[in-house]
Amino acid sequence: MGLVGKGGSKRSCLTKEPPWSIPTVAPMKLEDRVRDGEGLLQDFELAAEERFLDAQALLARGHGTGAAYVVGYVAEMLLKSAVFLFDGARPSDLVYPRLSPAKKWAQKAMPGVPFTNFHDILFWAWVLRKKRAERGRALPEPEAQNLMRIAHRLNRGWSVELRYFGFEVTIEHARRCFEDVAWIKKHHPLLWR
Amino acid sequence: MPVVTRSLHETVTNDELKQRLIAEWKNGDAREPRPTIIQETDAQGNIVHIYVVWSDWGDCDQRMRSELITDAYWEVFDDKALALTVAMGLTPEEAKRMGFPLS
């Protein structure tokens, strides 16, 4: 193919056409994404990165309620993705078909653990810990204990209902939530591998 | 403008869908249209993924389909269902659109 020019003039190497054709995929409309709800596992991981940065920016501006609210979802997404990756999911797999089987499994394998809804951070931490232990791949004890300590703390200080709160969440509380979620984010590979 | 009368009565209820799935797993439901159930196993032979392609899913949303499949499967197989990690319901049109293999 070589250099392709218009009107006889050569383009620079930086604009050289690639020797393969790049398929053009129309981006999914926002309305369709909203309707479909959760997407792929890889969407969760990217969203978790972005919401973490959003929370950091809110924290820097002193918006405690917003920062705590947003960062809680990062914990939820990372714990769900850790459970599903440990179960053998690939990044390109859909999330929603894995939710009900995980819930049913937990009802049977851990009848004492309450399930509030699919946003329940403590529930997902228990599922991860128990699944790993049952398959003989328990988390190292210090990390397992820290995960549960953090999940309990987030369970007490975060819920999706924070969206109805005004400026009631102190910056100290938000910072604590942020630090807890930062631990989960840092240890995410350890949680599922 | 012509008069249009629409029934708000659900033609197929969620419980009916679940009962028909249970019947299909137990002895093959005689009622048409029957679901096509695809079960994938892990290295130990445990069923880990279930896909149900069925024209009767109709307006049932995807999360509900997943829940109905999971509940029905657990009701029939009990502890054997512990290995289940994916439950997904698709209409034949959706399966075709996704290029989902039916065998």
Total charge dipole magnitude, the protein assembly as shown, about the Cα centre, Cβ charges on Lys, Arg, Asp, Glu only, Debye to nearest 20: 1000
Of A:Lys131/A:Lys186; A:Lys131/B:Lys80; A:Lys108/A:Lys130; A:Lys80/A:Lys103; A:Lys80/A:Lys186, those spanning more than 19 Å from alpha-carbon to alpha-carbon: A:Lys131/A:Lys186
Chain B: relative contact order as a whole-number percent, Cα under 8 Å and 6+ apart: 28
Average other protein chain Cβ within 10 Å of Cβ, residues B:81-93: 5
Ordering of B:12-22, A:138-148 by packing [mean C-beta count within 10 Å, highest first]: B:12-22, A:138-148
Relative contact order [Cα under 8 Å, 6+ residues apart], the stretch A:51-193, whole percent: 43
Exposure proxy order (Cβ contacts within 10 Å, fewest to most) of B:Asp78, A:Asp93: B:Asp78, A:Asp93
Distance between modelled label sites at A:Asp32 and B:Arg63, nm, 7 Å Cα→Cβ extension: 2.1
Given charges at beta-carbon only (K, R positive; D, E negative), |dipole| of chain B in Debye: 280
Cα gyration tensor shape for the protein assembly as shown, rounded if a/c is under 1.5, else prolate or oblate: oblate
Karplus 3J(HN,Hα) series, Hz, for the stretch A:83-89 with 6.51 cos²θ - 1.76 cosθ + 1.60 (x for Gly, Pro): 4, 6, 5, 4, 6, x, 5
Partner chain coverage, peptide A:89-99 - average Cβ within 10 angstrom: 4
Rounded, prolate or oblate (a/c below 1.5 giving rounded, otherwise prolate when a/b exceeds b/c) for the stretch A:41-192 by Cα gyration tensor: prolate
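We did not get these values from a lab; they are worked out from the coordinates using the rules stated. The structure displayed is predicted, hence computed values, not measured ones. All Cβ positions, even for glycine, are placed from backbone atoms using ideal geometry, and neighbour counts span all protein chains on display.
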